[in-house]
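The values are calculated or read from the model by the stated rules, or taken from the named source; none is laboratory data. Keep in mind that this is a model prediction, so the values were computed, not measured. Cβ atoms come from the backbone with ideal geometry, glycine included; neighbour counts cover every protein chain shown. Remember, those area values only see protein heavy atoms, side chains included, never the ligands or the DNA or RNA. Shrake-Rupley method; radii C 1.70, N 1.55, O 1.52, S 1.80 Å.
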Amino acid sequence: MKRYLLTMTAATVVLTGLGAAQRSSKSDPVVMTVNGKDVKQNEFLYLFNKNNSQQAAPQTIDEYVDMFVVYKLKVAAAEAAGLDTTATFRSEFDGYCADLATPYLKDSELEGKLLDEAYDRARTRRRVSHILVEPGRTPAEDKEIRARLDSLRGAISSGADFGELARKYSIDRSAQVNGGDLGYIRSGQFPILFEEATYATPVGEVSEIVEDLPYGYHIIKVVDQQPEEGEVSARHILKLTQGLDVADAAQKKAEIDSIARLLASGADFETLAREESEDPGSAARGGNLGYFGRGVMVPEFEEVAYSLKPGEISAPFPTSYGWHIVQTLEYKPFPPKDEIKEQLQAAMERDGRSRRPRQAYLAAFRSRLGAEVDEAVVDKALNGIGGESETSKALDKLKADNSVIADVAGEKLTIADVASAINPGIDPQRISMVFGMVLKDKLDDVTLSAARKDLAANNEEYRNLANEYRDGILLFEVANQNVWARAAENEDVQKKYFEEHPGKYTWDRPRFKGCVVFAVNDSVAAEARKYLAENKMAPDTIASNVLRHFGGDVKLERVLVAKGENSIIDELGFGGPKANPVGRWTTWFAYDSRVIDAPEEAADVRAAVIGDLQQELEASWVESLRRDYPVKINKKVIKKLSEKKK
């Protein structure tokens, strides 16, 4: 999203919260009226203070008033031109307001609790087993599946073997091997519903049924819990035995034992790892594996690495890869919450927990208004599609129903609104269930719209920021149309202005004006000279024609350079010494060039002409704005403000 330099200045503003900035309209008198539109004191002071905070020499209220009037006149011109009604403007402004409202429209207390909870989970690992059952195709089948899982939970509580039941009933293929044992898991490894059930279930017990659609239904047994120990830094020497016969494996054992004896005699671990280790990933780094936590390496390796003190070297030990010797280098404790706050927030964003503070705020907002879903209307609509066997026909019925389900401060939600957001590919027997899920999201959407309107009406801070951004977009567009683009893009206007101001633009030293042709060698340069002499071309086509004819062996640059600014130009235009070659360009010559003492055309001083032209257009435009749009200043209010600021 674009960010505009708004009004007379730009600054970073800290959001202070909903309650801190609310004021009644009685304490916010009208400062002025511009083209029939009132400007309140609060907006005026907000921009005055913001402007002064950015100025080296702050202005007084009286000095600021005229600048503010001009600013509002430009906004009035933009509104009169309809710039605030374009699709581009609406998209830009609505997107900004959505971002701006985010810190206000959420339950900050809940957000803090969720962050604390995420950190607490991150500090522990839980060993779990699970049984996963496929979901049904109909609500009736789902009910039957849940009943079956309840029976399994009861059997487990009565002493049935969880592993045997997992092998018999779980659709997780790994259960045939591990009996449903997933080992130790961490926060963030599994879908959030699975994770929450895991961490909510006491060690040694079985969870309630976890509905994790579309995957299915779980029951989870929490076997053990361990604290996260942080990370360990280690290096190792490996002798691979995977795929070897007994004799060759024995040879590797002898080799690792020999290395162990060398280390015990004081040999350098890093040197031996570079020379002897058969781990291609770490050998070149002296065996260094960097930092790693639990669950990263094979269990046997981790146990040894975590059991050693910093600097201590292990005896040789086997894993499924081969024989290792490990030296633990350093321990890094589990980080404090502030260090991993962004990481935790990113995880909450991915799994949807970050939406809960907003959902809680919106629910509370509806509660304050007494806005509820009319369940009778929903039931009537869903009962009306009970006989349909095709999804498309059922949805068509719902999409044609404009009955209002909920009204949140004038923002209405209908049956059709919800139905239009349902995937037409779902099973017709699941429409009622999906309708309920979509209804929650759509209800939050209309509540959010109502909450933003309430925010704009009642929160001074938000309103000022939103109005500033709105006016900034309009100001940019209207000024671009009337001044900036008109001066910068219209060469005819620039030419006319230059010609109307003879003698205004001068130089303190002459310029070389023309083209410089670069070539890769003398012979190519000679061909280029001949080509340019024999072919008459329009000035704006010369460079492209040269490129097309000579490819990358010749290039042409059009320049306007003063003496002493470039060695090649000094050589060609001012009798300077031979310049040194530049990259592949060994030779060059001037074409259609001359030395001039003063600008010949607007293009010679384009930047200066544009700057002067913009100033003149700006002055003329402001003068016309003062004529076209009436301004009425409340002098009493301005006087009071001025006296307070003294």
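Got a number for carbon plus sulfur as a percent of the chain's accessible area, 1.4 Å probe?
Of all accessible area on the chain, carbon and sulfur atoms account for 49 percent.
Check cross-link reach from K239 to the aspartates and glutamates: straight Cα distance under 13 Å, and skip same-chain residues fewer than eight apart.
Here the aspartates and glutamates satisfying the reach criterion relative to K239 are D248, E255, D257, E275, E276, E278, D279.
Can you give the local net charge around P135? Use residues other than it whose beta-carbon is closer than 13 angstrom to its beta-carbon, Lys and Arg +1, Asp and Glu -1.
Once positives and negatives cancel, what remains is -2.
Along the charge dipole of region 118-258, Cβ charges K/R +1 and D/E -1, which of A118, V232, Y215 sits furthest on the positive end?
V232
Just to check I understand the Karplus step: with θ = phi - 60° and J = 6.51 cos²θ - 1.76 cosθ + 1.60, what whole-Hz values come out for region 148-157, glycine and proline as x?
Computed from phi, the couplings for region 148-157 are 5, 5, 4, 5, 5, 4, x, 5, 5, 5 Hz.
Collect residues whose amide H, placed 1.01 Å from N in the peptide plane, falls under 5 Å from the amide H of L182; neighbours closer than 5 in sequence don't count.
Counting only residues 5 or more places away or on other chains, the set is V128, S129, H130.
Accessible area of K337, 1.4 Å probe, to the nearest 10 Å²?
Its accessible surface works out to 60 Å², give or take rounding.
Select from I638, V595, S620 the residue farthest towards the positive end of the dipole of region 577-646; place +1 on Cβ of Lys and Arg, -1 on Cβ of Asp and Glu, and compute about the Cα centre.
I638
Among the lysines, which have Cα under 27 Å from the Cα of K380 when same-chain residues fewer than 8 positions away are ignored?
K143, K393, K397, K399, K412, K440, K442
In the structure displayed, which of K50/K106; K50/K644; K513/K563; K341/K453; K37/K636 lie more than 20 Å apart, Cα to Cα?
K50/K106; K341/K453
Is the shape of region 87-219 rounded, prolate or oblate, going by the alpha carbon gyration tensor and its root eigenvalues a ≥ b ≥ c, with a/c under 1.5 for rounded and a/b larger than b/c for prolate?
prolate
Taking only protein heavy atoms into account and a 1.4 Å probe, give the accessible area per residue of the chain in Å². Don't skip to the answer; put the middle values down first.
Working: 34930 Å² over 646 residues.
Using a 1.4 Å probe on heavy atoms only, each residue of the chain averages 54 Å².
Can you work out ³J(HN,Hα) from phi for every residue in region 389-402, in order, using Karplus 6.51 cos²θ - 1.76 cosθ + 1.60 and θ = phi - 60°, giving whole Hz and x for Gly and Pro?
Once rounded to whole Hz, the list reads 9, 10, 4, 4, 5, 5, 5, 4, 4, 5, 5, 8, 9, 9.
What's the angle, to the nearest 10 degrees (0 to 90), between helix 522-534's Cα axis and the longest principal axis of the chain?
Around 50 degrees separate the two axes.
Determine the dipole magnitude for the chain: charges of +1 sit on the beta-carbon of Lys and Arg, -1 on that of Asp and Glu, nothing else is charged, the reference point is the Cα centre, and the result goes in debye to the nearest 20.
Value, rounded to 20: 1740 debye.
Calculate, in nm to one decimal, what K143 and Q225 gain on full extension: separation in residues at 0.36 nm each, minus their alpha carbon distance.
Gain on stretching K143 to Q225: 26.3 nm.
Taking the alpha-carbon distance from K536 and a cut-off under 16 Å, which aspartates and glutamates remain once sequence neighbours fewer than 8 residues away in the same chain are dropped?
E527, D592
Place +1 on the Cβ of every Lys and Arg and -1 on the Cβ of every Asp and Glu in the chain, take the dipole about the Cα centre, and give the residue among M348, A538, F194 whose Cα lies farthest towards its positive end.
Result: A538.
Quick one: what are the phi-derived ³J(HN,Hα) couplings along region 283-295, Karplus 6.51/-1.76/1.60 with θ = phi - 60°, whole Hz, x for glycine and proline?
Rounded to whole hertz, the list is 4, 5, 9, x, x, 6, 9, x, 8, 8, x, 5, x.
Based on the mean of other Cβ atoms within 10 Å per residue, sort peptides 541-549, 218-226, 429-437 so the most packed one is first.
The densest-packed peptide leads the list: 218-226, 429-437, 541-549.
Enter the angle in degrees (range 0 to 90, nearest 10) between the Cα long axis of helix 246-264 and the first principal axis of the Cα atoms of the chain, meaning the one along which they spread out most.
It works out to around 70 degrees.
For every other residue with a beta carbon closer than 13 angstrom to the beta carbon of G295, add +1 if it is Lys or Arg and -1 if Asp or Glu, then tell me the sum. Don't skip to the answer; put the middle values down first.
Details: positive: R125, R126, R127, R186, R294; negative: E228, E229, E231, E302, E303.
With Lys, Arg at +1 and Asp, Glu at -1, the neighbours total 0.
With only Lys, Arg, Asp and Glu charged, each at its Cβ (+1 for the first two, -1 for the last two), find how big the charge dipole of region 575-646 is about the Cα centre; round to the nearest 20 debye. Provide the component values of the computation, followed by the final result.
Working: 14 positive and 11 negative charges, 251 e Å.
Dipole about the Cα centre, nearest 20: 1200 debye.
At 1.4 Å probe size, put T88, T138, T271 in order of accessible surface, largest to smallest.
Solvent-accessible surface, decreasing: T88, T271, T138.
Show the residues, 5+ positions off or on another chain, whose built amide H is closer than 5 Å to the amide H of T414.
Close amide H contacts, sequence-distant or interchain: I405.
If you line up the long axis of helix 635-645 against the longest principal axis of the chain, both from Cα atoms, how many degrees apart are they, to the nearest 10?
It is inclined by approximately 70 degrees.
Using unit Cβ charges (K, R positive; D, E negative) and no other charged atoms, how large, in debye to the nearest 20, is the dipole of region 434-561 about its Cα centre?
For region 434-561, the charge dipole is close to 480 debye.
Considering only DSSP states other than H, G, I, E and B, which GluC sites (Glu not before Pro) in region 402-461 qualify as loop sites with at most 16 other Cβ atoms within 10 Å?
Loop-located and lightly packed - none at all.
For the chain, what does the relative contact order come out to in percent, with C-alpha contacts under 8 Å and a separation of six or more?
Reported as a whole number, the value is 17 percent.
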